[in-house]
Each structure stands twice: as structure tokens, then as C-alpha cells.
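> After the C-alpha cells below, expect a handful of questions from me.
The values are calculated or read from the model by the stated rules, or taken from the named source; none is laboratory data. Just so you know, these numbers come straight off a predicted model, no measurement behind them. Note that we place each Cβ from the backbone using ideal geometry, even for glycine, and neighbour counts take in every protein chain shown. These accessible areas exclude ligands, DNA and RNA; they are computed on the full protein's heavy atoms, side chains included. Shrake-Rupley method; radii C 1.70, N 1.55, O 1.52, S 1.80 Å.
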Amino acid sequence: MSETLYRIAVTVNGVERTGQVTARTSLVDWLREHLHLTGTHIGCEHGICGACSIMLDGAPVRSCLIYAVQTDGHRVTTVEGLTHPDGRLSILQDSFCETHGLQCGYCTPGMLIAAQALLDANPRPSEDDIREAISGNLCRCTGYQQIVEAIALAAKRISGEPA
Amino acid sequence: MTKTAAASPYGFRYIGTKRRAKEHARFVTGHGNYAADVTLPGLKHVALAASPHASAKILAIRTDVARAMPGVHYVLTGEEFCSATDSLPIGVDAPKVTRWALARDRVRYAGEWVAAVVADSRALAEDAAELVEVEYEALPHVTDAEQAMAPGSALVHPAHGSNVVLHRDFIWGPVEDQFAKAEHHMRFRAIWNRNATVPIETFAVMAQWQPGTEILDIWASIQMPKYPDQTAKALRLPGNAVRVHYDVDVGGSYGVKRGIKHTVLVGFLAKRLGMPVRLVEDRLENMRGGDMHGPDRSFDIDAAFDGDGTIRALRIRAIDNVGAYAGRAPFQLGKPVSAICGPYKIPAIAYEPISVLTNKTPQEAVRGFGQAPTNFAIERTIDRIAGFLTMDPIALRQKNLIQHDQFPYTIPSGSTYDSGDYHAVLDKALAAIDYPALVERRDQARRAGLLAGIGIATCLEPSGGNSAFEPLLNPKNETTTWMDSCLVRIDLSGAITGIMGTSSSGQGHETLVSTVVGEILQRDPAQIRVIHADSLSALPSNSPVGSRMAIMLGGAAAGAARKIKETLLAIAAHNFECAKDDLDYRDGNVNLKGVPSKILSWDQLVEIAHRKFHAMPPDVEPGLQEKFTWQVPTGGGLPTPDGRIQIYPCYAFETHIVYVEIDSDTATPTIKRYVCGHDCGVMINPDIVHGMTYGGIAHGIGAALYEQFTYDDNGQLTSGTFMDYLIPSAREIPAITIVDHCTPSPLTTFGQKGSGEAGYLGAPAAVANAINDALAPRNVEINALPISHLAIWDALAGRNSR
Amino acid sequence: MKSPAFEYARAASIDEACELLSQHGDSAKVLAGGQSLVPMMAFRLLRPHWLIDISEIAPLQYIALETDVARTGACTRQCTVQCDATLAAQVPLLRQALAFVGHAQIRNRGTIGGSLVQADPSAELPLVAQILQARLVVRAKSGPRTLTAEDFFTGPMTTALAPDECLTEIQWPVWPDRSTGSAFTEVSRRHGDFAMVAAGAQVAVDAAGQCIRAAFGVGGAAPTPVAFPDLAQRLVGTSFNQALLRDVAQQAAAALEPGADTHASAAYRRHLAAVLATRVLQSAYDTARAAR
């Protein structure tokens, strides 16, 4: 008994990608295994750790809790899509580097997605806003401190304040 | 963009300055190279069938239905696997406690792997794993260590004859005498329940057998000493038939990324099937059968002290529930020997470590290697003595802390502390938190009806990872070196490459090596590339365990760079027909002292070394490549017959001050303030040291309040998902203030000490002390971690929740 | 943790969803936001042959405000409800409760109806539905019917939905009283976790500050979230004196049947129920008075 394959077309980081997937293929597995976009990581596959966070139609969601087939016709942004097309780091990515907002790097893509969504919605977040926005993303290296600093720094830079 | 280039506080050019980590750019762009990111054509995937029983006989395994499923290539059971491979190493002297990745005849914990399915996709492998039929006969099980020690207990490994795999009685100093002389005695029990550092990346390994070269290639999220050797040995291959690719980024380890059983299994399958095979633990496998739980320990403490606060002696009995197999985990009772009296002048210690097998998931090394639980027990002891004497816990600490002018200081168990200024660090932390104001805040909160408490911990981080606890705890083991090494190469273009022989899991080793090499050679670290060689190309390494890489890899990189520098000087001396002492080395260029025009530039020197043998001094090898292998500075000795030993060379010190408020109606604790004073000598990269310290504190807060691997009466893990195993988020971890102090180590290249376990070693103790200070007005006490809401409520209600 | 194999159908309309459900019945599950369903699939605790995806049906995503009722389509995302200021003005308890639902990533995908159908006894939205006596419109191929929240929640993770039925709309009563206040709180080990115990309340007062209407309920301490309309009635006509409040809360707690797990014992849950019920009632009352 072979599984039914479903044809999907998804705009991933601005480019339409098509594929054939089984219904049970999670979005994160499709991104990683089929599109080789391995920047999005798997941590728990039950929606707690946030490592697999991506943006779906601009909103951060867990890609382990969405089947790829559900995203047919939608827009997905992964960490690879945060970098400028010419390869330059975004202000947020650069701020993470500046404050040492990462160590092993494993939770980082999900953190960046959550933080970018925050800054898109709220360019001047308080520390509480920042902690709330990343509270669905677990990190075991940093104790979150330098991540919070990175996001605050990025907010300052985006709004043109002296960092 | 902006890069603040503050000057080094230590007078170095690069060491101690703010420098971005070399690793970050690839991680923030999604270009890390983790084990699960590496793929090969034709890759097959493994899923596991696991035991539902805590203890059972395997009567029969039927694999035909699973094997017949489309897409399934193989189903391996213990019968074949255990016959074709050797047992994984057993650290302690318990040769019958053998261990394979797949159980044969008997399962010893719920979640133990019984069969491995190889299929075209992980999903298909899981489908088939569900169809592996195993017939079990349930056996009595035991999950409590003391019950397992009692006569008549079910035996986890009947062939061993007992559940105890390690039991020693160390007496260091005049313990009896001190107890006899002491004005007061105090006994209590402290319990560190089972938790682990639980990285967000599970363990992943991929293997491919190359029949043409007869090499087994391995990509794994590994951080483990002797990993290639152990893999080869278990697979009955020569060591040079296993090639571990260390250029894999590891998504966090903190001690636990030691999937040796996973690797032997996958290596066997890859060779047996002639296909590349990958196993990526899912979170359920990781929590239950990934064998990465940490210490699970009870301490019975007896303290002898006088009315003025002088602590005379401690008796410490530590019973550790090591789970179903021994491995290396029992040695976690050994590291604390190196700091068994903490930072205090305690002249006599009795230490009785006991490691006990039970039907729980096997333990693995966890950040601190047993030191964090021990520090928790010692620091609870200090606070309880203070409470007993109604003495200020800070004053009691100040009275007993080793003084700055007493270093080097040798403790009763034979370890010499290299350097420190504990009083200064404590003072700095007290000043940073404005201690008198904090006390006033607490007292005000108490007057307003809240439970509020301040917790202090003053703790040590023994660092520089030696493995001398091995000969201490297993007389048949004579390990006395735990070297690390680095190779530095200057190519024809003049570019510098540093090469290390291990993987990294977030510690920034590329940044470390480039900074150190740049410092010595006076070349910009940003231009220095650092790579991780594979295990057949690499120099010896013992991996980043035991808080050692700043000391050991840093020392090795400096050693190799110095050799390069000497070669450059020798080339210049030869060409200028002068002595090396007549030369100045500046930024890689060499000139005759006082004669600026008489200069050979970096590029010219490199070209001579690579192309102009006629310009080379006669006794110098051409090409510019040097390796340096460093022995742990104080390593090399076996223990004395009474068990005195120097295990770690360097001792970092940390003071934690925590302020906690508890909503007594809901038993909800909230950490309101957190200050950590930290002295790990010279910080090669302060951002990296601070980062690890913040992270260690977060781990410690998790251990103190949230995280526990709980088991039910049937021996089933009941916190095997992230819904039940509670990793704290940015909302639970408070903002933390770190205050630095620097007492350089006299034993290391730049005065650095280790910091990989920083924060974790004191946070659990400090948080527990704060909670207990908060509870003190109600006359109740909690000495078991984690201190859950329920534990607080039970304590306040006069119940015992455990 | 890969889901077992299944067939997928994306319903384009409510009628199509009902048609598919009538075809597949017991062997199908409705997939909305998937934030509870997909983890259960990953744990292989559910093995439907079909998942019928209703999350793309536009007519299931709306917020419609009327004088005495706020209607939300079942597939309205939780974040949409949380961000709707007009709805928050009419049914403030919804926004207050949603602040405790998971994390932003969950609320961006999770739907209002999905949480109700999941019927976790600790979940926030079922509790709000109970407290406000929401009405739930469900549809089968044969037609719609409307259930009260009380009838809808039948046990832990179970509802009165028939296998061929799909929740389509939730009707949240809007209290007509000018001075209304509400409050929601919970105790969980970590922020964003399911509650050990949750409590919510809504109170309206007259110009003199006397209670004219009250409702409250407790989640996480019984097989379903529980509202206490009879006990709430005792508060009407009073100014919420402490003794009465405590007595009402204690009686509510006594009526619960809490379970035990590693995080909370039954006794602790019962205790929390009384504490939190007192707090939300007091807070709702204070807010209502301040709104005079």
C-alpha cells in the first residue's frame, strides 16, 4: 500500500517551490528533506520548543505542527529568507552576532523568526514584550539574556536610535 | 556594522577584548551544518522498537511482519547485534555489567531499545517498528536506589551479584577527631532528583561504510572523549577504520551528547547493509532511551562545627541512582572529590560515594559532572549551619572561605586549588546587588505578607578536565593524561589555519583558537580560519568535556603558534646572520633590533619557508606547520593509597545572590533579582564566558525549580515530553547581572581558567537557599530539588510531597 | 514522531466538509489549526484514515458583533480574536483568557473552535465558554444544531459532537450591563503551559456598585471546565464582602473533582481553585465598579 502523493506549490522565501508530498509530511520535514532548507531545525516535533518556527503568510508558527500539504498556495519564510538577497545579514541577524545572542546556534533560526515577527509588529518593544515574544522558543545555551539584548539592539538600530 | 573594540583589561592585544564569535555568521543565516543536515545519496533511516517494561525477559521477537513492509530494508535485534559487536566500555570495575545498544534476553528499563528498523524514510521505519512483535515476561523492577541496595532487591544485572557498582569510603584528615572536638553536629539529607541538560537538538548520527577503503565514516552530534576509539573497538574494527567527521556543528551538549550506543548501532547497520544509515532520535526516544539523564543523588550530610561558625569536618554519603547500565556515569561521583570541601577551609572530610543500578534510564555525564549536586548539598549545609547558629549566612561564609593569601591551597582530598580571591568576589557581588537594600526589600515584602527570601551560594568550578577520577574509582584504570592539541598552518598565501581534533557545541572554539593564535602571532584573528579535522587527520583530543577547552585547547593553540613564531624568527636570524635575540617580531614581520630597514615581512618569511630552501636555516623543516599537544598542567599522577589526588588544575569561583518571592496562596515562586560574581581568571572572550554563565544559571534554575525525570510505580518515565519535562523559557529566567573578577591561574598560558560549567554549579544551591530563606518564617524547609509549586504548597501545608 | 499515514482532503466549503464527514464518519478527523491534533498524531495517539482540513474555509472565519451576542466562526484564529479590540470590549474575558493560551506561534495557527473541540479540561477557551454559557453551532450533512457549552463538554477531551458533525460557530453572550468587569487567571508551572488550575469571572454592577449579574468558573480541576451559575447567583445583590466571596469560592472548590499528576495533587488543585476563584471574582467586581 503506497501513500497518496499530493502536489503542492508554496512560495518559500519569495520563490515558488513545488513538490509532491505524502499527507503526513510535516512542513519542517518538507523544507529540510525536500527543499534542503536545513536552517529550520527540529527540536521536539510536538510544538513546545519553537526550534522549527517559520513564518506562514507573515505570522510565526511551528512548522512541526503543520502538514506540508496544508501550505499549498501559501507563503513561507524561513531563516534563510531573513538574509538580504546579496547575502548581507539583516539588522536582526547582525545584532544577534553583536551581542553574542547565540551559542550552539540550534534554536537560533526559530528565535530569529519569533524576534523578526515581534519587530515587524512592534518596532519599539519593551524587555517584557521581547521576553513574551520569545517565550515559545526554548534555548539551553544562553539563558536568553544575550538574545533579549540582541533584539533590543536590533529595535534600536531599526528605529535609528544610537545603539 | 558596529563593533566595539574595547581594550583588553589584561593588556593583551586580542585576548579579553570584545570580539564577535567566528561561528555566528553561519548560524544566523541558517547555514549551520548539524548532523541531521548532512545527507548522502541513498540514505536510509532508523527507528527503534523499545521496551514497554521496566524489567522483563525477552521470550521471543518476531520481525517478519515488519520486515515485509514495503520500504523496509532490515530489522536488527539484539541476538545478531550483540554477537557481532562488543559491549560498550564500563568505567567502573564491574565487568559483568555489559551494555549494548539493543537488548538481548532481558530489558532493564522502559524505553530500552529492542529492535532497530531500517527503511527508506523515518516515517516508514516508525510504521514498521510498531509491527515488531516482542513477547515479554515481566520481572520485578526497582527504581529507588536505596531499595535497590537492600537485601532481596530485584537485581538489574544478576550476573553482577548486586546493584551496587561503586562503593568507596574515603577518609581525608582527622575526621573522628574533629567530630569529637566540635561543639555542634548537624545532620540532614539533601536530594538532587534526576534531571539533565537536555539540548534542543537530540542526538543524531549517520554512518557510511566504504568497502573500497574499508573506512566507516561517521557524522554525529557528538561531544565525547575517545569516541572514535570506542566505536571502533565495539565494532571490532581497527581504530584507523573509523573516521569521525568533527566538522559537524553540535546543537548543544552540556555533557550529554555521547551517543556511543547509537553510533555503534548505526555503524553496524551501515556496514552490514552496505547503505548509508542515519538515526535521528525523536524527542520521545531521546528522553526515554537516549541515555542522557543526569545525576539522581541523595546526600546524607553530617557536619561538625563550633559556635563561632568554624566548620571542622563533614561526613558526606552520596548515593547516586545511575540507572540500568554503568557506563561512565558513576565517575560523576568522582569529580566532586576535587572540590569536596567547596571553597572552605574544612580540614577533614569523610566521603562515601555509592553508585547504584536501578531500572531507570542510564545516566550520562551532565554539565559539571556531579559537581552541581555536590555544591547544592554543601551550600545547603552552610545555610543550615548558619540557621542553627542564628548566624548571618554571609558572615559564616566569610569566616570559612579560603583566604586570598592562602593559595595555592591543598584540601584534604589532595587537590591543590591554584588561585582565587573568594572574599573579593563575594564583596563585589554583594555590592552589585546592594545587599543592605535587598535585605530591606525582603523585609518589607515580608511585612506586606509575602514570603520572600535571599539565597547565597559560593561555589567552585574545578576546570581543565582531567580524567584522574578514573584511576581513583577504578584501580584497574591508569589514565593519567587527558591531553589536547592544536595544529597551526601558514599556507603559501600567508593565510593562517588552526586545526583542532574535536567538534564544538556552542563553546566558540573557532573563536578561541583564532584569538589565541592571533595574540601570539600578532595577526588579526578575523583572518584566521579554524577547522575541525576528522578523527583520522586530527591530533589527539579529549573533547570539550570537564570545562577544559579555554585551558587545554587554548594552551595547545598558543603552543603551536609559539613554535611557528620561533620558526619565523629562526628564518630571519639565518638570513640576517644574527641571533634570534637580536630580532624584533612585530605583527608577523621580523626586523633586526634598532634597524627598521633590515626587515623580513610576513609574506617574505612565509615564502622562504614554503619555496626557498636555500634561504632556510639548516635545522628547520620547510613548510610552516606546527602541532602542539598539551598535557593537563597538573596531570600525570596516580592517586595515593588513601585516595588523595589532583584531578583538575584550575578552580574558578562563583558567588550567586538570588532574591525570590513566593505567592503563598498559590505557592508560586518568582525570581526577582539575580547577581552572579564570577572569577575564571583571564577571559579570552568575555562575551562567550558571560554567555555560558547565563546559560549555566538558566540550567541551574531549571534544576532548582522545574526539571525532573519522574517515574511512576511501574517504572515508566512520566516526564518524557516537553509538556512534562519543563525547560524554563525567557519568562521564567530573570535578567541576570554578572560581575567579573580576575585572579589569573598561575598554571595556564594566559591565566585563564575553565568556565563551561559556570553558573550551573551554584544556581541550584542559591535558588534553593533563597526559597528556604523565604520559607523560614513558616518554619518549614525543602531540601529536595526541583522545588515545584506542589513541593512548596505541601511544605506550607505541612505535608511531605515526596 | 512522524504521524501515521492518512489521506488528506481540504474542504472548500462547509457543505463539502459535512459531505466528507458523512462519507468517512468515524475514520475521519477534522483538522483546523492542528495545534493539538498534530502533536497527538505525532505521538501516534490518534490514527484517523482521513484528515479533513477546514482551516481554509473562509465562511468559518469571522467575528460578527450583535447587541447581545458576539459570533465567531469556528476557524477564526486565536490571534485574530485576541487582537480584535471591538470584540475585546464586548467579551473581554476572551482576550484575557487568550493571553494564557500557549505562545504567539500557537495562537497564530490555533483556532477558537479547535480548542473547544479538543476539550482539554485545563484549556482556557472551554472554560470561558462554560462561564459565559456560550452556544455552539454544529453542522452535519443533515443540518445544523445548537448546543450549550454545558451540553457540549461531556468529559476530558470529549464532546457531544457526533463523528459526522463539525463545529461552525460559537456565540458568546454579550452582557448588556454598562458596568461589567471580568478577570481570568491561572497557575501553571511555566508561562504558556496548560493550567494546573485556571479561573475566570465576569461581574456586572449597578450604579451603586451592587452586583447585578455574576458568572465564574474553574478549569483544570474536574473532567471538564466547570461554571458555577448557582453559586454566582448568591453574589447578586451584594457588594462582594470577603466572607461571602470566600464562602462561594470554597463551595465551588468543594464541588470539584480534581485529578492528580506529577505537577499537582488533587488537594493542591482544590486549594488553587478556591484561591483563584476568589481572586478573579474580586478582580472582576473591582473592574466593574471602576467602570461605573
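> So which residues in segment C:12-42 are more than 12 Å from chain A (Cβ to nearest Cβ) and open to solvent by less than 20 Å² (accessible area, probe 1.4 Å)?
Hits for segment C:12-42 are C:A17, C:C18, C:L21, C:G25, C:A28.
> Now, a different point. Test A:C141 against the stated conditions and say whether it is in contact with a Lys or Arg (Cβ under 8 Å, 6 or more places away or on another chain), buried (at least 24 other Cβ atoms within 10 Å of the Cβ) and not polar (S, T, N, Q).
Numbers: in contact with a Lys or Arg (Cβ under 8 Å, 6 or more places away or on another chain): no; buried (at least 24 other Cβ atoms within 10 Å of the Cβ): yes; not polar (S, T, N, Q): yes.
No: the conditions fail for A:C141.
> Scan B:V425, B:V517, B:V439 and give me the residue that is touching a His at 6+ places or on another chain (Cβ under 6 Å) and either more than 14 Å from chain A (Cβ to nearest Cβ) or under 21 Å from B:L761 (Cβ atoms) (or both). Give the derivation first.
Working: B:V517 fails: touching a His at 6+ places or on another chain (Cβ under 6 Å); B:V439 fails: touching a His at 6+ places or on another chain (Cβ under 6 Å).
Just one listed residue meets the conditions, B:V425.
> Restricting to segment B:486-540, name every residue that is outside any loop (DSSP other than H, G, I, E, B), among the polar types (S, T, N, Q) and touching a helix residue (DSSP H, G or I) at 6+ places or on another chain (Cβ under 9 Å).
Those that are outside any loop (DSSP other than H, G, I, E, B), among the polar types (S, T, N, Q) and touching a helix residue (DSSP H, G or I) at 6+ places or on another chain (Cβ under 9 Å): B:T511, B:S514, B:T515, B:Q527.
> Quick check: is even one residue across segment C:30-42 within 26 Å of the chain's Cα centre (by Cα), among the polar types (S, T, N, Q) and over 30 Å from B:T202 (Cβ atoms)?
no
> Hey, another quick one. Any residue at all in segment A:43-66 that is in a helix (DSSP H, G or I), aliphatic (A, V, I, L, M), at pLDDT 95 or above and at negative phi?
The answer is yes, given that some residue of segment A:43-66 is in a helix (DSSP H, G or I), aliphatic (A, V, I, L, M), at pLDDT 95 or above and at negative phi.
> Given the criteria closer than 29 Å to C:V187 by Cα, at pLDDT 95 or above and surrounded by fewer than 16 Cβ atoms within 10 Å (Cβ to Cβ), does C:T72 qualify?
no
> Looking only at segment B:631-690, count how many residues are in contact with a strand residue (DSSP E or B) (Cβ under 8 Å, 6 or more places away or on another chain), more than 19 Å from B:I738 (Cβ to Cβ) and among the charged types (D, E, K, R).
Summing the residues that are in contact with a strand residue (DSSP E or B) (Cβ under 8 Å, 6 or more places away or on another chain), more than 19 Å from B:I738 (Cβ to Cβ) and among the charged types (D, E, K, R) in segment B:631-690 gives 4.
> Just for strands (runs of 3 or more DSSP E) wholly inside segment B:1-86: which have at least 1 residues that are away from every other protein chain (no Cβ under 14 Å) and open to solvent by less than 60 Å² (accessible area, probe 1.4 Å)?
B:56-62, B:72-77
> Sticking with this one: How do the strands (runs of 3 or more DSSP E) wholly within segment B:595-684 filter down when requiring 3 or more residues that are open to solvent by less than 10 Å² (accessible area, probe 1.4 Å): which remain?
On the way: elements: B:595-600, B:624-630, B:650-663, B:668-679.
Correct list: B:650-663, B:668-679.
> In this structure, is A:E16 within 11 Å of chain B (Cβ to nearest Cβ) and modelled with pLDDT of 95 or more?
On the way: within 11 Å of chain B (Cβ to nearest Cβ): no; modelled with pLDDT of 95 or more: yes.
The answer is no for A:E16.
> Go through (1) within 30 Å of C:A183 (Cβ to Cβ); (2) assigned to a helix (DSSP H, G or I); (3) within 12 Å of another protein chain (Cβ to nearest Cβ); (4) not hydroxyl-bearing (S, T, Y) one by one and return the number of the condition C:Q82 breaks.
Of the numbered conditions (1) within 30 Å of C:A183 (Cβ to Cβ); (2) assigned to a helix (DSSP H, G or I); (3) within 12 Å of another protein chain (Cβ to nearest Cβ); (4) not hydroxyl-bearing (S, T, Y), the odd one out for C:Q82 is (3).
> On the given criteria, is B:R312 part of a strand (DSSP E or B) and within 25 Å of B:E757 (Cα to Cα)?
No; evaluated as a whole, the condition is false for this residue.
> Take the residues in segment B:221-235 that are more than 18 Å from B:P540 (Cα to Cα) and small (G, A, S); name whichever of them is surrounded by the fewest Cβ atoms within 10 Å (Cβ to Cβ).
B:A234
> Quick check on my filter: what residues within segment A:98-135 are within 29 Å of B:H509 (Cα to Cα) and not in a helix (DSSP H, G or I)?
A:H100, A:G101, A:L102, A:Q103, A:C104, A:G105, A:Y106, A:C107, A:I134, A:S135
> Condition (residue is without any contact (Cβ under 8 Å) to a residue 24 or more places away in the chain, surrounded by fewer than 24 Cβ atoms within 10 Å (Cβ to Cβ) and out of contact with any Leu (no Cβ under 9 Å at 6 or more places or on another chain)) applied to segment A:113-125: is it met by at least one residue?
Taking every residue of segment A:113-125 in turn, at least one turns out to be without any contact (Cβ under 8 Å) to a residue 24 or more places away in the chain, surrounded by fewer than 24 Cβ atoms within 10 Å (Cβ to Cβ) and out of contact with any Leu (no Cβ under 9 Å at 6 or more places or on another chain).
> B:R447: surrounded by fewer than 23 Cβ atoms within 10 Å (Cβ to Cβ), under 27 Å from B:S537 (Cα atoms) and charged (D, E, K, R), yes or no?
Answer is no for this residue.
> Sort out which residues of segment B:659-694 are within 14 Å of chain A (Cβ to nearest Cβ) and of a type in the set (V, I, T), and write them in order of number.
B:T670, B:I671, B:V675, B:I684, B:I688, B:V689, B:T693
> Confirm whether C:A243 is more than 13 Å from chain B (Cβ to nearest Cβ) and among the hydrophobic types (A, V, I, L, M, F, W, C).
Against the criterion (more than 13 Å from chain B (Cβ to nearest Cβ) and among the hydrophobic types (A, V, I, L, M, F, W, C)), C:A243 qualifies.
> How about segment B:174-207: which of its residues are open to solvent by 40 Å² or more (accessible area, probe 1.4 Å) and either in contact (Cβ under 8 Å) with a residue 60 or more places away in the chain or within 14 Å of another protein chain (Cβ to nearest Cβ) (or both)?
B:P174, B:D177, B:K181, B:E183, B:H184, B:H185, B:R187, B:R189, B:I191, listed by residue number.
> Name the residue, out of B:G751, B:G759, that is within 14 Å of chain A (Cβ to nearest Cβ), farther than 27 Å from B:T666 by Cα and open to solvent by less than 10 Å² (accessible area, probe 1.4 Å).
B:G759
> While we're here: Based on what the data block shows, is C:P144 in contact with a Leu (Cβ under 6 Å, 6 or more places away or on another chain), more than 29 Å from A:G136 (Cβ to Cβ) and either open to solvent by less than 40 Å² (accessible area, probe 1.4 Å) or not basic (K, R) (or both)?
Values: in contact with a Leu (Cβ under 6 Å, 6 or more places away or on another chain): no; more than 29 Å from A:G136 (Cβ to Cβ): yes; either open to solvent by less than 40 Å² (accessible area, probe 1.4 Å) or not basic (K, R) (or both): yes.
No; evaluated as a whole, the condition is false for this residue.
> Here's another thing I want to ask about it. Determine whether B:G751 is over 25 Å from C:H271 (Cα atoms) and at pLDDT below 95. Outline the logic, then answer.
On the way: over 25 Å from C:H271 (Cα atoms): yes; at pLDDT below 95: no.
No: the conditions fail for B:G751.
> Which of the residues spanning segment C:186-226 are surrounded by fewer than 21 Cβ atoms within 10 Å (Cβ to Cβ) and in a strand (DSSP E or B)?
If the condition is that a residue be surrounded by fewer than 21 Cβ atoms within 10 Å (Cβ to Cβ) and in a strand (DSSP E or B), then C:I212, C:R213 are the ones that fit.
> Also, quick follow-up: So is C:I54 within 14 Å of chain A (Cβ to nearest Cβ) and either of a type in the set (A, V, I, L, M, F, W, C) or out of contact with any helix residue (DSSP H, G or I) (no Cβ under 9 Å at 6 or more places or on another chain) (or both) or not?
In short, yes.
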